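The values are calculated or read from the model by the stated rules, or taken from the named source; none is laboratory data. Keep in mind it's a predicted model, so treat the numbers as computed, not measured. Reconstructed Cβ throughout: ideal geometry from the backbone, glycine too, with neighbour counts over all protein chains shown. We work out accessible area using only protein heavy atoms, side chains counted, and drop any ligands, DNA or RNA first. Shrake-Rupley method; radii C 1.70, N 1.55, O 1.52, S 1.80 Å.
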Amino acid sequence: MLQHIIEDAANLNTDQINHINNVILSNDIPWFFSNDSVYSDNLSYFSHTLIHRKEQNKNSKNNSPLTDFFIDIFNNEISRYNIQVNEILRASLNTTFYETKDYGSVHLDHDFEHNNFIMYLDDIQEAGTGIFANDGVNLLHISKCIKFNYVIFPGLLHAQQYPPPGKRRVVLVITFK
């Protein structure tokens, strides 16, 4: 398991950038509504599942024609840090909209040891990810929501910041061990 937080800019090629800008951020992919982000918190969002959560016992290989595209990006970025990936536990595109709260629900993505990879697909000031100490209160790090920036961190408590009114926050989330 990772021991520290890494934040960096993705090294994407022109085709990848164009695909994200012209397909992913357009109206061309299906988004699915969820009433709750975590734990019945009534904080709705939209997702496009690439790989279902391992603990859901669903198709854990490929749920979307976009899966391979994003897993290739993930693998390229992870390899820059010589991080060993034994298994991808979940992969999803998530989009959220304005909420009056500073942060979403502070949570862990799994109740077992894992690592997180979050890549931002748009630029939105003050809409990063807060990573918290075990008490869920003390902030350890806030990543920047800069287009194609990502943060990799061990399975720590974390929560998203929300975009301002009229904006959406789109991220790639992958958990792994």
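Full extension of the chain between residue 61 and residue 100 yields a length gain of 10.4 nm, computed as 0.36 nm times the residue separation minus the alpha carbon distance.
Taking all protein chains as shown and a probe of 1.4 angstrom, residue 85 keeps an accessible surface of around 40 Å². Going through the cross-link list 54/167; 101/144; 101/147, which pairs have a Cα-Cα distance over 28 Å in this structure? Long pairs (Cα-Cα over 28 Å): 54/167. Computed over the Cα atoms of the range 82-138, the ratio of the radius of gyration to the Kirkwood radius (Rg/Rh) comes to 0.96. Between the residues 156, 29, 97, the greatest Cα displacement towards the positive end of the dipole of the chain, with unit charges on the Cβ of Lys, Arg, Asp and Glu, is found for 29. Springs between Cα atoms under 10 Å define the GNM used for the chain, and in it the highest mean-square fluctuation of 156, 121, 108 occurs at 108.
Under 10 Å, Cα contacts only: if you run a Gaussian network model on the chain, which one of 54, 101, 147 comes out with the highest mean-square fluctuation? Of 54, 101, 147, the Gaussian network model singles out 101 as fluctuating most.
Within the accessible area of the range 50-115, the carbon and sulfur atoms contribute 43%, probe 1.4 Å, all protein chains present. For the range 1-93, the Kirkwood estimate of hydrodynamic radius, built from reciprocal distances between every pair of different alpha carbons, is 15.2 Å. For the range 113-130 versus the range 1-77, the spacing of their alpha-carbon centroids is 11 Å. As an equivalent ellipsoid, the chain spans semi-axes of 21, 20, 17 angstrom, where each value is the square root of five times an eigenvalue of the C-alpha gyration tensor, largest first. A straight chain from residue 142 to residue 80 at 0.36 nm per residue would run longer than the Cα-Cα distance by 20.1 nm.
Note on residue 31 and residue 107: the extension gain reaches 25.1 nm, defined as 0.36 nm multiplied by sequence separation minus the Cα-Cα distance.
Sorted largest first by accessible area at a 1.4 angstrom probe radius, with every protein chain in place, the residues 68, 36 fall in the order 68, 36. The residues of the chain present an accessible area of 51 Å² per residue when probed at 1.4 Å with all protein chains retained.
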